[in-house]
Amino acid sequence: MATSLNSSTDPTTPPDAADSGTWRFGDRTVNRLGFGAMRLTGTAAFHGGTPRDRANSIAVVRRAVELGVNHIDTAAFYFSALRSANEILNAALAPFGDEVLVATKVGPRRERDGGWADAARPDQLREDVEENLRQLGRDHLDLVYLRNMRWESIAEHFGALAELRDAGLVRQLGVSEVTPAQLAEARAIAPVASVQNRFGLGQRDAAELLRACGQAGIAFVPFFAIAGARASRAGSDDAGAQEDEAVLTIAKAHGVTPQQVRLAWTLAQGPHVLAIPGTGDAAHLEANVAAGGIRLTPEDLALLESVL
């Protein structure tokens, strides 16, 4: 297995998210290697701990855009006592206009003290969309996911979002944490641009959904792609000290990190698969973006099939 980076081997050359390939959301083309905003508040801060430095978080977002990232995933419920991911994005993206497609999520709700509230009712979704608009400083949202909150049917909630799209508040709709049947339910109401479910090496429950999205021309944007099944115990940007032997073997052969292998594997699952790794650290950001240029060999991919 030879090193297979699309980008220059010159260590002084910054990575470029364009190396990951592109995907088209309606009239918007984005690079498949994007950015998740949850960690901008600080992993511990999201649960009530010490927040990240605001200026540093803004700098990380701007650096991401400089490296070609033009798809960022966020939510109004990504906040701590002192930090809001949406507010940080509002400040960080101001110089770039509409250059970056910003996706957000509705469904979950949090109280001002950080505790989780009851999930949004269909009649509350306009309020949640407008809160995202206010925090992000925008007059419309590029892409809004309905996050399934263990509802048996998502029809009423998705129908409410479709009305907001018709009203011009939302450009495109997505669904998150859904089953193939719920995706079909949503598509019967309005076009679905993207699906966001947990998926990664060691966490492949959504494999059927990934295939269904590919067949329908729908983007599949997994979360926890680096951490996989270990996400629940990951306490930092590093997914954990223990790593599967197959991942380590491939990482060593390519001269990259295990986290980069996991991201490269994610992108290798199909041209419709996008990645949104999150970090509040500039060095981790550059490593994540560089993963978009890694090309795993067929032998690599076969070996990684052993990772459960």
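Values quoted throughout were computed directly from the atomic coordinates according to the rules given, and no laboratory measurement underlies them. Quick caveat: nothing in here was measured; it's all calculated off a predicted structure. Don't worry about glycine lacking a Cβ; one is built from the backbone with ideal geometry, like all the others, and counts go over all protein chains shown.
Considering only DSSP beta bridges with both partners in the chain, what is the antiparallel share in %, to the nearest 5? Please report the intermediate quantities before stating the final value.
Values: 8 of 32 bridges.
Taking every DSSP beta bridge with both residues in the chain, the antiparallel ones total about 25 percent.
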Angle in degrees between helix 258-267 and the longest Cα principal axis of the chain, rounded to the nearest 10: 60
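Between ASP205 and ALA119, what is 0.36 nm times their sequence separation minus the Cα-Cα distance? Round to one decimal in nm.
Here the segment from ASP205 to ALA119 would lengthen by 28.6 nm.
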Cα→Cβ-extended label distance, 7 Å offset, between ALA81 and ARG62, nm: 2.9
With a cap of 13 neighbouring Cβ atoms within 10 Å, and only residues DSSP puts in a loop, list the trypsin sites (Lys or Arg not before Pro) found in region 61-121. ARG112
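Note the full-extension length gain between ASP53 and ALA216 as 0.36 nm times their separation in residues minus their Cα-Cα distance, in nm to one decimal.
54.5 nm
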FRET efficiency, 1/(1 + (r/R0)^6) with R0 22 Å, evaluated for ALA91 and ALA283 via beta carbons: 0.50
Expressed as an acute angle from 0 to 90° and rounded to the nearest 10, what is the orientation of the C-alpha long axis of helix 54-66 relative to the principal long axis of the chain? 70
Low-density loop trypsin sites (Lys or Arg not before Pro), region 134-176, at most 10 other Cβ within 10 Å, DSSP non-H/G/I/E/B, are ARG150
Report the full-extension gain for the segment LYS252 to SER306: residue separation times 0.36 nm, less the Cα-Cα distance, to one decimal in nm. 17.7 nm
By how many degrees, between 0 and 90 and to the nearest 10, does the Cα long axis of helix 125-136 differ from the longest principal axis of the chain? 60
With point charges of +1 on the Cβ of Lys and Arg and -1 on the Cβ of Asp and Glu, referenced to the Cα centre of the chain, which listed residue (TRP265, SER153, ALA275) lies farthest in the positive direction of the dipole? SER153
Longest the chain segment clear of GluC sites (Glu not before Pro) sitting in DSSP loops (not H, G, I, E or B) with at most 15 other Cβ atoms within 10 Å runs 153-304
